[in-house]
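Below is the structure I would like to discuss, written out as C-alpha cells.
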Amino acid sequence: MNPSLLLQPTTTTTTTFLNPTPLRLSPKRRRHLRYRLSTTVRSSSSVPDKPKPDVFGGKKELTTIQSLVDAMSPPIRIATSALVFAGAIAAGYGLGVRFGGGSRNAGLGGAIVLGAAGAGAAYALYSCVPEVAAINLHNYVADFEDPAALNKQDIEAIANKYGVNKQNEAFNAELRDIYCRYVSAVLPTGTEELRGNEVYTIIKFKNALGIDDPDAADMHMEIGRRIFRQRLETGDRDGDMEQRRAFQKLIYVSTLVFGEASAFLLPWKRVFKVTDSQVEVAVRDNAQRLYASKLKSVERDIDVNQLVSLREAQLAYRLSDELADEMFKEHARKLVEENISIAVGILKSRTRSTRESTRVIEELHKILSFNNLLISLKNHADASRFAPGIGPVSLVGGEYDGDRKMDDLKLLYRAYVTDSLSSGRMEEDKLAALNQLKNIFGLGRREAETMTLDVTSKVYRKRLAQAVTSGELEAAESKAAYLQNLCEELNFDPQKALEIHEEIYRQKLQQLVADGELGDEDMKALERLQVMLCVPKQTVEAAHADICGSLFEKVVKEAIAAGIDGYDSEIQKSVRKAAYGLRLTREVAMTIASKAVRKIFISYIQRARGAGGRTESAKELKKMIAFNSLVVSQLVADIKGESSDTPPEETQKEQVEQTDEEDEEWESLQSLRKVKPSKDTLRKEIQTEITLKDDLPERDRTDLYKTYLLFCLTGQVTRIPFGAQITTKKDDSEYVLLSQLGSILGLTDKEIVEVHRGLAEQAFRQQAEVILADGQLTKVRMEQLNELQKNVGLPPQYAQNIIKSITTTKLAAALETAVGQGRLSIKEIRELKESSVDINTMISESLRENLFKKTLDDIFSSGTGEFDEAEVYENIPRDLNINADKAKKVVHELARSRLSNSLIQAVSLLRQRNHKALVSSLNDLLACDKAVPSTPLSWEVPEELADLFIIYVKSDPPPEKLSRLQYLLDISDSTAETLRAMKDKALPNGAAGEEEFVF
C-alpha cells in the first residue's frame, strides 16, 4: 500500500458528522468500502483480543535487485558499490583505448561513461535499501500470529540490519501503514461495542513499533477521514448510524491513547468541524457503555475486590464520579427490580402454592440482604477506594417508580408484614427489615403504618379470640397486664387495641339488642365482656347511647309523628318499653327525645316567621304550644315514668318558692300578672325540660315572644271587604299560652319581664314625647303622664325614668343652644350641677371648652384687675369637667394676646379722653399680667405712657397695682414721683371734670 495515498488530507468536511440523523448504505456497499480487512475474535480468557494474521495483508515479494540487496550486509553493499564503480571505470578506460585507436583521451572518455553508469548502478543498489527494509518490516509483522506480541527490539533490529532509521521516508511510511492497519483492526465495527482493552492494546503496539505520537495521531485522523468518506457514500440510515458510532469510538479511543496530548495532536474541530462538546459526548457515551459492560459482572454478592476493580475501571475509562454513581445505583436498582418482578409474579399467580408463597419472602430477603450488604460496604474503612454509588437501594427513577406499580409494592410489603407476624409476635429484626423495605419501596410513613396496622389488627383479633375462647384471658389475674403484653408482642398500639375492644363490644351489643330489648342475662354478658376487654365506662355509655339510642330515637320519632290525635296508649306503651328496656339512662333518653322534639319546634318557628302577618304567626305558634302540651309533655312523662297530670312534689315546691320570691317583679306590670302562673294552675303545667334555648339566639326568641304578646294585647285582626278590619278582643286565656310559649323558647323570668317592660315603656314613651314636646314639665302635664302610666300598666319608677330621659334630652338641646349663643355662664352651670344635671352628657366637650374661653375673656375684660388663680386654674375646669393642664395653656395664650391689646386699647381711650374706660383697660392689663407675668412694655410715644400713668394715679388705685403698672409702663421712680405730684393740678382750659396732659 502506498503511504502517500493514506496521508493525503481530505478536502471535504462537515459540521454534522456526529449528527444523529444517519444516511443509508446497502450492506453490499458497506462490505465493499469497509477498510477493515478482518474482524476481531473475542478470546475465552481475559487476554486482549488478537487481530487475525491477515490484518496487514499478505507478504510482499522482492525484485531481483531488492533480493540482491537483501542478501548483502551493509559493509558488503558498500564494498560492492565501490567495486562496481571501479570496475566500470576500468572497463570504460579499456574499451575507450581499444576502440579509440589506443588514444588515452578515448580511454578516459570511455572510463567516464562507464564510470557514470557504474555510479548509477551503485546508487540504485544503495537507494533500494530502505524499500527492502520496509518490505522486510511488513513481512516480519505479517508473519506474527499475534501482532500484539511484537516488541520494539525486533523493529530496531530490522532498521539496524539495513542501516536505516525511522525517519527514513519509506521505512516510516511502512510503520505508519502498519499502525493504521492495526488500529483499524482493533477498533470494533459500528454495531459492536468496545471491549475495554483497545486502548491498552493500541498503546502497547504503538510503543512496540516505536512510532512517534504525531505520526500515530496522523493515522488516527486518517482513519477518521476514511470513516467520513464511507459515511458520504452511505445510502441508508442504518449505515450512517454505524459510521457515526464508529467515529465516536475512534474519538474515545484516540483521546485515551494520547491522553492530555490529544488536545493538540487530534485536531477534530479543524478537520471534521467537531466541537469540544461533541468530543465530550463521545467520550462520555463510550465510557458509560464500557462501565455498563463492567457492571454486568456485578451480582448481589459483590465484594470489596469487585468494588476496587470497578473504581479502577471507572478511572481508566475516564468516567465522571457523578455518572458512575448513577450507573451503579441504576444497576443495583435493576437487580432489586428483578427480585420484585419475580415476587409480584408469584403473588399475582392464580395457581400459587405454599411453596411459591415462601419464594415471595425469599425474594424479599434477597433484596434486604443485598441492601444490608451495600450499607455495610458504604461504611467500610476502605470505602474511598470503592466505586461511587455504594449505598441503600432506591427504586426512584426505575420501573417501579410510579403510581401504577405502587400497588404491587404495597402487596409485597403487606406480604412481608404478614410473614413477620406468622409466629404470633413481631421480632426486633423484623421491624428493622420492614423499615428498610419501606425505604426501598419508597412508601410513605402513613401508608406503611396503615398496612402494618391492618395486618397487625387481624393478628391481634385472632390472638384475642383464642385467649377468650380458651378462657386464658378470663383466668388472667390482671386483664390489663395480659392485653398490654399481647400488644407488646405484636408491637401493636394499645390505643388501637382499645378501638378494637370497643368495636367488639359494640358488635356484641348490636347482637343482643336486635330484638329491641336488653334482658338481665344480656347485661351480665356485656359486663363480663367489658371487664375482660377493659373497656372504659364512658366508652360503654357512648356505645349504648349510640346503638340503643338509635333504636329509641326511632320509637320517639314514631310517637311524635303520630301527632296530637295519634298519641294513644299503644304509643305510650312502646315509649315506656323502649326507655326502660334499652337500659338507657334518663339523661340519654331525654337528650335523644329533645333532639327529635326540637326539630319539630324549629319547623313550627320557621312557618311562623314565614307567615304573612302577626295573626298568622300567632296561629303557628299556638299550634306549637298545643303540640308541646298534648304530645311532648306526655312523651317526657312516659320517658320518666311519671304522670303528666301530677308533677313531682319537688318541682311543685320549686315553682311555688320561685313564685314567692319573684312576686314583686311579676306584680309590677299588668300583662305580667296575667302571664304569672298561679298556685291553682301548677298541676296543669307543661314540660319545661325541652326548650329552644340553645337552638335560637336570644334576640330571635324574644322577638317570637313579643309577637305573641302583641297578639294577646291587640287581639285577632280580621280583614273584611272594602279594606276594613275587625279586631276581636281576646280574653286572659291567651296569656296562659303566652306563658307556655316562654317556657318552650327557654326564656328566663328576667328575659320575660324585660319583654313586657320593653313594650310598656315603648308605648309610654311614644305618648310622653308628645306631651313633653317642648321639654317643660308642668303640673297639668304631670297629671296627664300619671294617667298614661296607669293605662299602660307601667310601674311608676320606670315611668319616672322615661319622663326624666325625655326632659333631660330636651334640656340638653336647650343647653347646647344657650352655650352656642353665649347665653350661659359659669354661674348657671354651677346652679345646674347643684340641681343634679349631668353637664358632661348634656353639653359636649368642645362647647364646654368654648364656655371656658368665654369665661376667661370676661375675667380679662372685667376692668377690675383681679385674677384668682385657684378659681381659674382649678374650680372652673373642675366645674366644666375639662382637663386642667389644657385649660392652663388656654389661659396663658389668651393672657398674652390680651396683654398687648389692653395697652393699645388704653392708648386709644387716652386719645379719646375716655378716662374711665382707660382705667378699666389698665386694670385688664394688670389682670393679664397676673396670669402671665410680663416684662416692661414698649411704646413709640413715651409721653402717652406717662399720661396713662397719671390718669391711673388719679383713680386712687391700691399701691401694689400702681407699682406693677409703673413697672409695666417702664416709668422710673423720679418720673413717677413727679407725675404723682401733678395729679391735683387743674386743667389748662379750666373745664370741670377734665384733666390736662403732663406734656
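The values are calculated or read from the model by the stated rules, or taken from the named source; none is laboratory data. These figures come from a predicted structure and were not determined experimentally. Don't worry about glycine lacking a Cβ; one is built from the backbone with ideal geometry, like all the others, and counts go over all protein chains shown. Ligands, DNA and RNA are stripped out before the accessible areas are found, and what is left, the full protein with its side chains, is counted by its heavy atoms. Shrake-Rupley method; radii C 1.70, N 1.55, O 1.52, S 1.80 Å.
If you check Ile950, Ile971, which single one turns out to be touching a residue at least 12 places away in the same chain (Cβ under 8 Å), of a type in the set (A, V, I, L, M, F, W, C), more than 24 Å from Lys888 (Cα to Cα) and assigned to a loop (DSSP other than H, G, I, E, B)?
Ile971
Same structure, new question: In this structure, is Gln784 modelled with pLDDT of 70 or more, surrounded by 18 or more Cβ atoms within 10 Å (Cβ to Cβ) and among the polar types (S, T, N, Q)?
Judged against the criteria, Gln784 is not a match.
Just to be sure, is Asp212 at pLDDT 85 or above and open to solvent by 10 Å² or more (accessible area, probe 1.4 Å)?
Considered against the rule, which asks whether it is at pLDDT 85 or above and open to solvent by 10 Å² or more (accessible area, probe 1.4 Å), Asp212 comes out as yes.
Could you say whether any residue in the range 463-476 is open to solvent by less than 40 Å² (accessible area, probe 1.4 Å) and over 25 Å from Glu502 (Cβ atoms)?
no
Looking at the range 164-188, which of its residues are part of a loop (DSSP other than H, G, I, E, B) and buried (at least 21 other Cβ atoms within 10 Å of the Cβ)?
Within the range 164-188, Val164, Leu187 meet the criteria.
Further, regarding this structure: Can you tell me which of Thr688, Thr646 is modelled with pLDDT under 55, under 26 Å from Ile560 (Cα atoms) and hydroxyl-bearing (Ser, Thr, Tyr)?
Thr646
Something else about it: Scan the helices (runs of 4 or more DSSP H) fully inside the range 511-586 and keep the ones with 1 or more residues being over 29 Å from His501 (Cα atoms).
537-561, 563-566, 569-581
Do you know which of the residues in the range 272-323 that are assigned to a helix (DSSP H, G or I) and of a type in the set (Asp, Glu) is least open to solvent (accessible area, probe 1.4 Å)?
Asp285
Contact list please: Cβ distance under 8 Å, first residue in the range 189-209 and closer than 13 Å to Gln248 by Cβ and part of a loop (DSSP other than H, G, I, E, B), second residue open to solvent by 20 Å² or more (accessible area, probe 1.4 Å) and β-branched (Val, Ile, Thr), pairs at least six apart or on different chains.
Thr189/Thr39
Give the residue, chosen from Glu337, Glu330, Glu326, that is out of contact with any helix residue (DSSP H, G or I) (no Cβ under 6 Å at 6 or more places or on another chain), under 21 Å from Gly398 (Cβ atoms) and open to solvent by less than 50 Å² (accessible area, probe 1.4 Å).
Glu337
Which condition does Ala448 not pass, out of (1) in contact with a helix residue (DSSP H, G or I) (Cβ under 7 Å, 6 or more places away or on another chain); (2) not in a helix (DSSP H, G or I), if it passes all the others?
It fails just one condition, (2).
Hey, another quick one. Give me the pairs, please: first residue somewhere in the range 860-884 and within 20 Å of Ile843 (Cβ to Cβ), second residue anywhere and open to solvent by 40 Å² or more (accessible area, probe 1.4 Å), beta-carbon distance under 6 Å, and either six or more positions apart or on two chains.
What qualifies is Pro877/Ala884; Asp879/Arg830; Asn881/Asn840; Ile882/Glu849.
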